[in-house]
Amino acid sequence: MVDKLFEDERKANIKAMQDDAAFAERTNGWLAHAQERKYSYQFDWMGLPIIQYPQDVIAMQELVWAIKPDLIIETGIARGGSAIFYASLLELNAMCGGPADAKVVAVDIDIRDHNRKAIEAHPMAKRLHMIQGSSIDADIVSQVKAHAEDKKTVLLCLDSNHTHEHVLEELRAYAPLVTKGSYAVVFDTLIEDLPTEAIGDRPWGSGDNPLTAINAYLKENDGFEIDEERHTKLQITVAKSGYLRCIR
């Protein structure tokens, strides 16, 4: 049963945070320093490095529970913690009446042998299918689309190459698979606001990153909207303006 008074109070608190410029300034300063300290590298999920902020982990749990997808598409596997995280959420959903055959399809251009072995040995790997190759390669896109056939609810998570062009091509390829009411979540939009020293020697940066790709994609496609409330309540997130709700 929903406690309306409590929900109203939470919405009021989120609105207050949205209007608090001083809070936002403190948040942005912390995020820049945290990036320099590799803050997101310090956490595990069920024994594997997840390389995400705990706040975004909680946000994704909220989405997966609410949406109950039967397919989660993830680009960017790294050390496997996030793929196992999504698989474990699908397992919990299945235990609570969610789709029994739900799975994760995860893509990475280079799944290193030691990472693959650790992932495949994990109990939650039974809900995970990994594909090696560039997420924007036509053959890889076709393989992912095949897994999406006949799925009722598809959730998309983009976290691979963070350049504008790559993320934009990922959105063009995979966002059409997202079902109404579900989400395309684009990580590392915070790159747009980070100082150069926090980014380091990377091919992305201010003006060339996931946030600029989102802005370009939303001009092309009116099927998504930014969930402002979600990133506002998080504050500490790598995906500000990156939680995209499918509205048609």
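The values are calculated or read from the model by the stated rules, or taken from the named source; none is laboratory data. Everything numeric here is computed off the predicted structure, so don't read it as measured data. FYI the Cβ positions are ideal-geometry reconstructions off the backbone, even for glycines, and counts take in every protein chain you see.
Okay, here's what the table says:
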item: When residues of the stretch 184-224 are limited to those that are acidic (Asp, Glu) and modelled with pLDDT of 95 or more, the one surrounded by the most Cβ atoms within 10 Å (Cβ to Cβ); result: ASP188
item: Members of the stretch 190-238 that are among the small types (Gly, Ala, Ser), farther than 18 Å from ARG37 by Cα and either assigned to a loop (DSSP other than H, G, I, E, B) or without any contact (Cβ under 8 Å) to a residue 24 or more places away in the chain (or both); result: SER206, GLY207, GLY223
item: Odd one out for ARG245 among (1) in a helix (DSSP H, G or I); (2) under 20 Å from TYR86 (Cβ atoms); (3) touching a Phe, Trp or Tyr at 6+ places or on another chain (Cβ under 7 Å); result: (1)
item: Residue list for the stretch 161-181, restricted to those being assigned to a loop (DSSP other than H, G, I, E, B), crowded, with 24+ Cβ neighbours inside 10 Å and out of contact with any Phe, Trp or Tyr (no Cβ under 7 Å at 6 or more places or on another chain); result: VAL178
item: Spans of helices (runs of 4 or more DSSP H) in the stretch 40-148 with at least 3 residues closer than 20 Å to PRO176 by Cα, in contact with a Phe, Trp or Tyr (Cβ under 9 Å, 6 or more places away or on another chain) and hydroxyl-bearing (Ser, Thr, Tyr); result: none
item: Residue count for the stretch 32-82, restricted to those that are at positive phi and not basic (Lys, Arg); result: 6
item: Tally of residues being of a type in the set (D, E, K, R) and within 19 Å of ILE51 (Cβ to Cβ) across the stretch 126-176; result: 2
item: Single residue of the stretch 23-53 satisfying the filter (among the polar types (S, T, N, Q) and farther than 14 Å from GLN235 by Cβ) that is nearest to the chain's Cα centre (by Cα); result: GLN52
item: Residue, nearest to TRP45 (Cα to Cα), within the stretch 66-78, restricted to residues that are in contact with a helix residue (DSSP H, G or I) (Cβ under 7 Å, 6 or more places away or on another chain) and not basic (Lys, Arg); result: ILE77
item: Yes/no for THR153 being polar (S, T, N, Q) and closer than 14 Å to LEU71 by Cα; result: yes
item: Residue match in the stretch 164-175 (condition: in contact (Cβ under 8 Å) with a residue 60 or more places away in the chain and more than 22 Å from ALA83 (Cα to Cα)); result: no
item: Residue check, PRO123 surrounded by fewer than 20 Cβ atoms within 10 Å (Cβ to Cβ) and under 22 Å from ILE50 (Cα atoms); result: yes
item: Tally of residues being within 20 Å of VAL167 (Cβ to Cβ) and hydrophobic (A, V, I, L, M, F, W, C) across the stretch 112-146; result: 6
